[in-house]
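Right, one structure below, let's go through it.
The values are calculated or read from the model by the stated rules, or taken from the named source; none is laboratory data. Computed from a predicted model, the values in this text were never measured in an experiment. Here Cβ is always computed from backbone atoms with ideal geometry, including for glycine, and neighbour counts include all displayed protein chains. Calculation scope for accessible area: heavy atoms of the full protein, side chains included, ligands and nucleic acids excluded. Shrake-Rupley method; radii C 1.70, N 1.55, O 1.52, S 1.80 Å.
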Amino acid sequence: MVEQQAGLRPIEANDLEVVRGWRNHPKVRAYMYTRHEIGAEEHLAWFERVRHDESRHAMIFEIDHQPIGFVQFSVVDVKAGRADWGFYLAPDAPRGSGYQLGESALTHAFGQLLLHKVCGEALAFNERSIRFHERLGFTKEASLRDHHFDGETYHDVVGFGLLSAEWNERKEAKCP
């Protein structure tokens, strides 16, 4: 069995159309805070803001050099080393690649970015994202009632946190 090579790299301008396609796909968009279809100009403006903002780290997740996902860390407190993260996969990404994205992203966050804590949120009806965070070792830290309004309905939001020490313990426990 050939082992796949998974990793992250910074997003580039030539990634924008494929990333926008993923983000606009109904299976992805349904779980986002902003659910409208994103146009090319809006997406380019976002990219320009992100690439000039040192507190944001936008990356492409690849398996065998094929882009299949996106992840972003937004450092909200530099002194405390705390960042929020967001992510999504290509709608046709192979089964199991989400966990690989999570492992790669968190290894990067705690290893290269030297973060102390990564925070995440999931709309309460997004059971897959909730299970994903739990599987990666996140602790549920908040249940925010009617926290997000999508233009029609209020939704509860679940907040998660993962500390560097917890991540390192998990990684050490996995090593023989």
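Taking all protein chains together and rolling a 1.4 Å probe, TYR99 ends up with roughly 50 Å² accessible.
By accessible area, using a 1.4 Å probe on protein heavy atoms only, segment 1-156 has 50% of its surface on carbon and sulfur.
Rounded to the nearest 500 deg cm²/dmol, what is the calculated helix-only ellipticity per residue at 222 nm for the chain, with -39500 (n - 2.57) per DSSP H run of length n ≥ 4? Don't jump to the answer; show the numbers that get you there.
Values: 6 runs with 60 residues, N = 176.
About -10000 deg cm²/dmol.
Note on the chain: lysine pairs with Cα distance below 25 Å, sequence gap of 8 or more or different chains, count 9.
Considering only protein heavy atoms, what per residue accessible area in square angstrom results for segment 79-157 with a 1.4 angstrom probe?
Averaged over the residues of segment 79-157, the accessible area is 58 Å².
The local environment of ALA30, defined by Cβ-Cβ distances under 14 Å, has a net charge of +1 under the rule Lys, Arg +1 and Asp, Glu -1.
Span-like helix criteria (full DSSP H runs; alpha carbon extent of at least 24 Å along the helix axis; mean Kyte-Doolittle hydropathy of at least -1.0) are satisfied in the chain by no helix. Solvent-accessible surface of segment 1-64, averaged per residue with a 1.4 angstrom probe and all protein chains in place: 65 square angstrom. Would segment 32-80 count as rounded, prolate or oblate if I go by the C-alpha gyration tensor, calling it rounded below 1.5 in a/c and otherwise prolate when a/b exceeds b/c, oblate otherwise? Oblate, because a/c is 1.5 or more while a/b does not exceed b/c. Among ALA122, ALA105, ALA165, the largest mean-square fluctuation in a Gaussian network model of the chain, built with springs joining Cα atoms closer than 10 Å, belongs to ALA165.
Express as a percent, rounded to the nearest 5, the fraction of DSSP beta bridges in the chain (both residues included) that run antiparallel.
Working: 35 of 38 bridges.
Rounded to the nearest five, the antiparallel share is 90 percent.
To the nearest 20 Debye, how big is the dipole of segment 24-176 about its Cα centre, given +1 on the beta carbon of each Lys and Arg and -1 on that of each Asp and Glu? Numbers along the way, then the final one.
Details: 18 positive and 23 negative charges, 84 e Å.
It comes to approximately 400 debye.
Panel note: the C-alpha atoms of segment 92-176, placed on their principal axes, show extents of 49, 31, 21 Å (largest first).
Compute a Gaussian network model of the chain, connecting alpha carbons closer than 10 Å, and tell me which residue from LEU123, LEU114, LEU89 fluctuates the most. Sorting by GNM fluctuation, first place goes to LEU114.
Which is the longest run of the chain containing none of the GluC sites (Glu not before Pro) found in DSSP loop states (not H, G, I, E, B) with at most 13 other C-beta atoms within 10 Å? Of all site-free stretches, the longest is 55-151. One equal scatterer on each Cα of segment 1-142, no solvent, Debye formula: the resulting log10 I(q)/I(0) at q = 0.09, 0.10, 0.20 Å⁻¹ is -0.26, -0.33, -1.45.
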